[in-house]
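Reading through the structure tokens given below for one structure.
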Amino acid sequence: MNSQPMFTLDRLKERLSKTQIQSIARELQHDEYGITQLCEIIQKADVSKRTATNAAWLLIHLPTESKQIYLYPRYNELVDLAVSTHLPIRRGLLLDILLDMPTPEEIRTDLFDFCLTHLTDKNEADSTRVYMIKLLVRISIPYPELQSELILHLETLPCLSPSITSARRQALRQIRKKQFFLLNPTIK
């Protein structure tokens, strides 16, 4: 039996399959040091794009419990990176990581504003804009004024790709349903 750990920093330089990523992520489940290394890698501008992308994929595939224990304390660092102009990885990967964590009580308005302004940015991948819509809904749910602003933006969002159109429709449905139940608390 091979007792050699699957995760080494050199391994991140290689092309990794989804199966390999999932296996390494399981191995990192309670490895605080390894997870910290991955977070540091995605924040460095001097690492290769492949290394940073593999590190982000590993963070995405960590079990939810590990994300809540080890990544949630780094929520603000990840948001800062997600809204920065110089990213070593695709922004959608960071937004996916953020979506898998609970939203803090004190919202990051810069994340909300960034996502709202970049919804129509054609330089962003469609999948990234879908993640933006999902984050915007999650952030706005406790705040009726943010919900109203988001509804206005979503209703005026031009029909783009099918994925963005679908995310837009689902977001509007989710917000309106939440608003309906807030206005009619006796209905279950």
Does any residue in segment 131-148 that is farther than 12 Å from I107 by Cβ come within less than 6 Å, Cβ to Cβ, of a residue that is of a type in the set (A, V, I, L, M, F, W, C) six or more places away or on a different chain, and which pairs are these? Y131/L95; M132/C115; M132/L119; I133/A167; I133/A171; K134/L99; V137/A171; Q147/I175
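For every residue, the table says whether it meets (1) exposed (fewer than 14 other Cβ atoms within 10 Å of the Cβ); (2) of a type in the set (G, A, S); (3) out of contact with any strand residue (DSSP E or B) (no Cβ under 8 Å at 6 or more places or on another chain); (4) at pLDDT 90 or above.
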position	(1), (2), (3), (4)
M1	yes, no, yes, no
F7	no, no, yes, no
T19	yes, no, yes, yes
A56	no, yes, yes, yes
T85	yes, no, yes, no
L93	no, no, yes, yes
D96	no, no, yes, yes
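May I ask you to verify whether L62 is under 18 Å from the mean Cα position of the chain (by Cα), in a loop (DSSP other than H, G, I, E, B) and either acidic (D, E) or outside the structural domain of L135 (by TED's automatic domain parsing) (or both)? Steps first, answer last, please.
Values: under 18 Å from the mean Cα position of the chain (by Cα): yes; in a loop (DSSP other than H, G, I, E, B): yes; either acidic (D, E) or outside the structural domain of L135 (by TED's automatic domain parsing) (or both): yes.
When the stated conditions are applied, L62 passes them.
For residues that are touching a helix residue (DSSP H, G or I) at 6+ places or on another chain (Cβ under 6 Å) and not in a loop (DSSP other than H, G, I, E, B), tally how many sit in segment 156-165. If you could, list the steps in order and put the result at the bottom.
First, the residues of segment 156-165 that are touching a helix residue (DSSP H, G or I) at 6+ places or on another chain (Cβ under 6 Å): 157, 159, 161, 163-164.
This time we only want the ones that are not in a loop (DSSP other than H, G, I, E, B), so: 163-164.
The qualifying residues number 2.
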Only one of these is closer than 27 Å to R173 by Cβ, without any contact (Cβ under 8 Å) to a residue 60 or more places away in the chain and basic (K, R): R91, R74. Name it. R91
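Here is a check on your reading of the model: is A82 touching a Pro at 6+ places or on another chain (Cβ under 6 Å) and within 24 Å of M132 (Cα to Cα)?
Details: touching a Pro at 6+ places or on another chain (Cβ under 6 Å): no; within 24 Å of M132 (Cα to Cα): yes.
Answer is no for this residue.
Looking for something under 16 Å from the mean Cα position of the chain (by Cα) and not β-branched (V, I, T) - is there at least one such residue anywhere in segment 138-152? Don't jump to the end; show me each part of the working.
Step one: of segment 138-152, the residues under 16 Å from the mean Cα position of the chain (by Cα) are 138-140.
With the extra rule that they be not β-branched (V, I, T), the set shrinks to 138, 140.
Yes, segment 138-152 contains a residue that is under 16 Å from the mean Cα position of the chain (by Cα) and not β-branched (V, I, T).
Condition check ((1) out of contact with any Cys (no Cβ under 8 Å at 6 or more places or on another chain); (2) under 30 Å from E32 (Cβ atoms)) across all residues:
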| residue | (1), (2) |
| --- | --- |
| L59 | no, yes |
| E106 | yes, yes |
| L111 | yes, yes |
| T117 | yes, no |
| L150 | yes, no |
| T156 | yes, no |
| Q170 | yes, no |
Taking the condition of being surrounded by fewer than 17 Cβ atoms within 10 Å (Cβ to Cβ) and in contact (Cβ under 8 Å) with a residue 40 or more places away in the chain, how many residues in segment 24-54 meet it? 3
If you go through segment 32-54, how many residues are at pLDDT 90 or above and acidic (D, E)? 2
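Can you tell which of T109, T53 is in the same structural domain as D126 (by TED's automatic domain parsing) and within 16 Å of the chain's Cα centre (by Cα)? I'd like the intermediate steps shown before the answer.
On the way: T53 fails: in the same structural domain as D126 (by TED's automatic domain parsing).
Testing whether each residue is in the same structural domain as D126 (by TED's automatic domain parsing) and within 16 Å of the chain's Cα centre (by Cα) leaves just T109.
The values are calculated or read from the model by the stated rules, or taken from the named source; none is laboratory data. As the structure is a computational prediction, the values presented were derived from the model and not from experiment. Because the Cβ atoms are built from the backbone with ideal geometry, glycine has one as well, and the counts that use them run over all protein chains shown.
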